[in-house]
Amino acid sequence: MNMIEVKDLHFAYEDKEVLRDIDLTISDGEFVAIMGENGAGKTTLVKHFNGLLKPARGEVLIDGISTRKSTVAHLSRNVGLVFQNPDHQLFSETVFEEVAFSMRNLGYPEETIRKRVKFILETLDLGAYAEASPFMLSGGERKRVALASVLVSDPKHIILDEPTIGQDYQQKDRLRNFIIQMNSQGRTVVIVTHDIEFVVDCKPRVILVSKGSILADNSYDSILSDRELVEKASLVSPQIAALMSSLTNLNFSPKILDLYHAKSALEQRFGEIVHKAV
Amino acid sequence: MSIRLFEGFKFKQKATLLHRMDPRPKFLIALTIFMLSLIFANFVVLLVLFISQLPLVYVSKSMRRWFGSMKGGVVLAAMIFIMNFLTGSTLVFSATMTLRFIVLVSAFSMFFMTTSPDDLGLALEKARLPYTLSFTFTTAVRLVPTIALEAQTIVDAQRSRGLELDRGSLIQRVRKYVPILIPLIVSAIRRSTELAEALESRAFGAVKNRQPLATLQMKPLDWAAAAIALAVLAAGIYVQIYVPIPSFDNGIRMPTLWGVPPGS
């Protein structure tokens with residue numbers, strides 16, 4: 001059974017309850033975005049997926065194995081978790097060594113490490129920096145090094161905490177393509193993000209978390225087109241959705257979330273208007 | 001985990017006598033305990049020093065966090081004990097040194113738990129310390145919990161990359177802290193540079209003579225506490241010089257490879 005299963009998860013830091021009554025199943029090869037306000041418990045939730053945090057009550061199963069019965073190192077073979085801030089993990093002299101670190105920990109042979117690192121650096125547009133110091137790179141580049149350093153060992157389930165922070169539009173686009181590529185190769189992808197436009201572009205299943213529990217769990221278009229729900233989770237509707245719903249007298253569907261959809265809807269409506277006028 | 005040690009040094013506002021006290025007599029109390037624990041290398045005296053702090057901890061309503069800092073210090077305390085005992089000190093002497101460490105951690109944990117960094121800064125300014133220096137000190141105190149939290153995140157990030165801190169030989173384990181320490185130091189340096197820039201852009205140091213909004217005022221209770229601390233310190237020094245205290249040391253020690261150390 002290859003999947004992430006969370007059953008009746010409760011978690012508290014000291015006496016502050018951070019997560020409660022979390023039940024969810026992420027099937028193999030799914031693409032999920034976890035969204036919600038600051039402090040909603042998103043990062044705490046994903047830290048349960050590789051055993052960094054153990055449930056106070058309930059249980060988290062990765063591929064059928066309870067995280068309580070496994071170590072983080074063992075789980076990290078199958079679950080790659082990329083943290084929000086790359087500066088919390090970079091320490092090597094060169095980008096190559098930095099990226100090779102997790103593979104060395106997992107005991108891969110040197111030849112495999114060399115090949116995999118080279119491949120992932122090229123894929124993430126970092127090939128030119130293999131021998132550079134990770135500390136000399138820009139914020140966006142450091143973020144990609146952190147990403148590479150986890151993805152290099154090719155985990156089955158990939159969890160990215162705020163992957164788009166500090167990335168310019170082009171890099172975001174590359175990242176999106178890369179994530180979609182990994183997902184289409186059968187890997188589970190879970191992203192934690194506030195970036196609503198990025199979610200619209202990626203079209204994942206969305207899990208909305210608010211104040212430590214799940215507010216909604218559905219496809220991206222049914223959640224993001226529900227204004228009340230979006231506001232409840234401290235998010236703002238995508239710009240296109242806001243524009244389309246503000247054109248009230250033209251009566252567009254609230255499910256119009258991206259540019260292409262909007263374009264065809266507008267064309268159709270104008271066609272109708274022109275047709276009527278003629 | 002040793003990170004919990006820092007929890008017991010974090011200030012938390014509470015409505016207790018100890019929290020309301022002026023920071024100066026409070027520091028004097030901590031300093032008295034500090035000096036006495038250095039003057040006496042006697043297990044019983046240190047035990048008395050330790051127990052005498054318990055009512056203060058109770059009054060400050062910080063028992064749990066104090067206990068947390070004690071638990072966090074256990075690893076270091078155990079190391080002190082083992083190092084002493086293995087290098088030929090007697091059992092009682094090793095225990096005494098360990099207790100001395102615990103007394104010190106406890107005294108300063110109590111001081112920092114009940115004294116806000118603002119009060120501390122005011123006290124340092126009252127002591128005529130230049131503002132830049134007192135600011136540096138209070139900022140350092142303020143940043144300890146932040147850095148402790150950051151250390152935990154770094155540990156989590158590296159564990160997610162397959163790093164196992166608790167496996168391997170002693171040397172291997174020490175080496176495994178490199179991926180923790182480097183990001184911690186780098187981000188501390190980054191943070192301080194950013195802080196310096198932010199301070200400068202908000203005209204830090206533009207005025208030479210600062211006029212604090214709130215000033216510290218010693219109340220009768222503060223004077224009494226200071227007087228008691230000084231009296232205890234004086235009594236301690238007197239006892240150390242003039243009153244012989246039995247050492248209770250039964251001389252049990254580890255047999256070392258090179259036999260009993262000379263002069264014992």
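Rule-based calculations on the coordinates, nothing more; no lab input. Since the model is a prediction, treat every value here as computed from it, not as a measurement. So basically every Cβ, Gly included, is an ideal-geometry build from the backbone, and we count neighbours across all protein chains shown.
Using a Förster radius of 41 Å, what is the FRET efficiency between A:T94 and B:T136 based on their Cβ-Cβ separation? Nearest 0.05, please.
Numbers: r = 35 Å, r/R0 = 0.84.
That pair, A:T94 with B:T136, gives E of 0.75.
With helices defined as uninterrupted DSSP H runs, which ones in chain B have an alpha carbon span along their own long axis of at least 27 Å and mean Kyte-Doolittle hydropathy of at least -1.0?
Numbers: long enough: B:91-114 (35 Å, 1.78); B:131-159 (41 Å, 0.51); B:178-201 (34 Å, 0.88); B:220-242 (32 Å, 1.53).
Those that clear 27 Å and a mean of -1.0 are B:91-114, B:131-159, B:178-201, B:220-242.
What list do you get for B:S192, A:S138, B:S106 if you sort them by fewest beta carbons within 10 Å? If you can, show how the numbers build up before the last one.
Details: B:S192 14, A:S138 9, B:S106 24.
Ordered from fewest to most neighbouring Cβ atoms within 10 Å, B:S192, A:S138, B:S106 come out as A:S138, B:S192, B:S106.
With an 8 Å Cα cut-off and a minimum separation of 6 or more residues, compute the relative contact order for segment A:1-137 in percent. Provide the component values of the computation, followed by the final result.
On the way: 165 pairs, mean separation 28.2, N = 137.
Relative contact order comes out at 21 percent.
In segment A:64-180, what is the volume of the convex hull around the alpha carbon atoms, normalised per residue and reported in Å³?
Details: hull volume 12.7 nm³, N = 117.
About 108 Å³ per residue, rounded to a whole number.
Collect residues whose amide H, placed 1.01 Å from N in the peptide plane, falls under 5 Å from the amide H of A:E30; neighbours closer than 5 in sequence don't count.
A:V189
Once Rh for segment B:133-264 is found with the Kirkwood sum over Cα pairs, what is the Stokes-Einstein diffusion coefficient at 10 °C and 1.306 mPa s, in µm²/s?
Values: Rh = 21.9 Å.
Translational diffusion coefficient: 73 µm²/s.
Dividing the Cα radius of gyration by the Kirkwood radius, what Rg/Rh value follows for segment B:1-96? Could you put the intermediate results ahead of the total?
On the way: Rg = 15.2 Å, Rh = 15.1 Å.
Rounded to two decimals, Rg/Rh equals 1.01.
What ranking of B:S69, A:S213 emerges when the number of other C-beta atoms within 10 Å of each C-beta is taken as an exposure proxy, fewest first?
Values: B:S69 23, A:S213 17.
Final ranking by Cβ density, sparse to dense: A:S213, B:S69.
Taking the Cβ of each residue in A:T112, B:T115, B:T96, B:T153 as the centre, tally the other Cβ atoms inside 10 Å and list the residues starting with the fewest.
On the way: A:T112 11, B:T115 22, B:T96 25, B:T153 18.
Ranking A:T112, B:T115, B:T96, B:T153 by Cβ neighbours within 10 Å, fewest first, gives A:T112, B:T153, B:T115, B:T96.
Limiting things to C-alpha atoms, what are the Rg and the maximum Cα-Cα separation (Dmax) for segment B:40-183, in angstroms?
Considering segment B:40-183 through its Cα atoms, Rg and Dmax are 18.9, 51 Å.
Once you've got the Cα coordinates, tell me which of A:K54/B:K71; A:K7/A:K54; A:K118/A:K172 are over 19 Å apart. Don't skip to the answer; put the middle values down first.
Numbers: A:K54/B:K71 21 Å; A:K7/A:K54 12 Å; A:K118/A:K172 21 Å.
Where the Cα-Cα span goes over 19 Å, the pairs concerned are A:K54/B:K71; A:K118/A:K172.
With only alpha-carbon atoms in the gyration tensor, what are the semi-axes of the equivalent ellipsoid for segment A:238-278, in Å, largest first? Kindly include the intermediate steps, with their values, before the conclusion.
Details: eigenvalues 79, 24, 7 Å².
Result for segment A:238-278: semi-axes of 20, 11, 6 Å.
Between segment A:6-81 and segment A:158-207, how far is it from one alpha carbon centroid to the other, in angstrom?
19
Return the tail of the calculated pair distribution for the protein assembly as shown, meaning the percent of Cα-Cα pairs more than 29 Å apart.
Roughly 65 percent, once rounded to a whole number.
How much length, in nm to one decimal, is gained on full extension between B:A214 and B:V59, taken as 0.36 nm per residue of separation minus their Cα-Cα distance? Present the calculation step by step, with values, prior to reporting the outcome.
Details: separation 155, 0.36 × 155 = 55.80 nm, distance 2.55 nm.
Extra length from B:A214 to B:V59 when fully extended: 53.3 nm.
Over chain B, one equal point on each Cα, no solvent: what is log10 I(q)/I(0) by the Debye formula at q = 0.08, 0.13, 0.14 Å⁻¹?
Values returned for q = 0.08, 0.13, 0.14 Å⁻¹ are -0.44, -1.06, -1.16.
On the Cα set of segment A:3-224, report Rg and Dmax in Å, please.
Cα radius of gyration and Dmax of segment A:3-224 are 17.0, 48 Å respectively.
Taking amide H atoms as placed 1.01 Å from N in the peptide plane, list the residues 5 or more away in sequence, or in a different chain, whose amide H sits under 5 Å from that of A:D217.
A:L208
Tell me what chain B gives for mean residue ellipticity at 222 nm when only DSSP H runs of n ≥ 4 count, each as -39,500 (n - 2.57), the sum divided by the residue total, rounded to 500 deg cm²/dmol. Write down the numbers at each step before the final one.
Working: 12 runs with 181 residues, N = 264.
That comes out to -22500 deg cm²/dmol.
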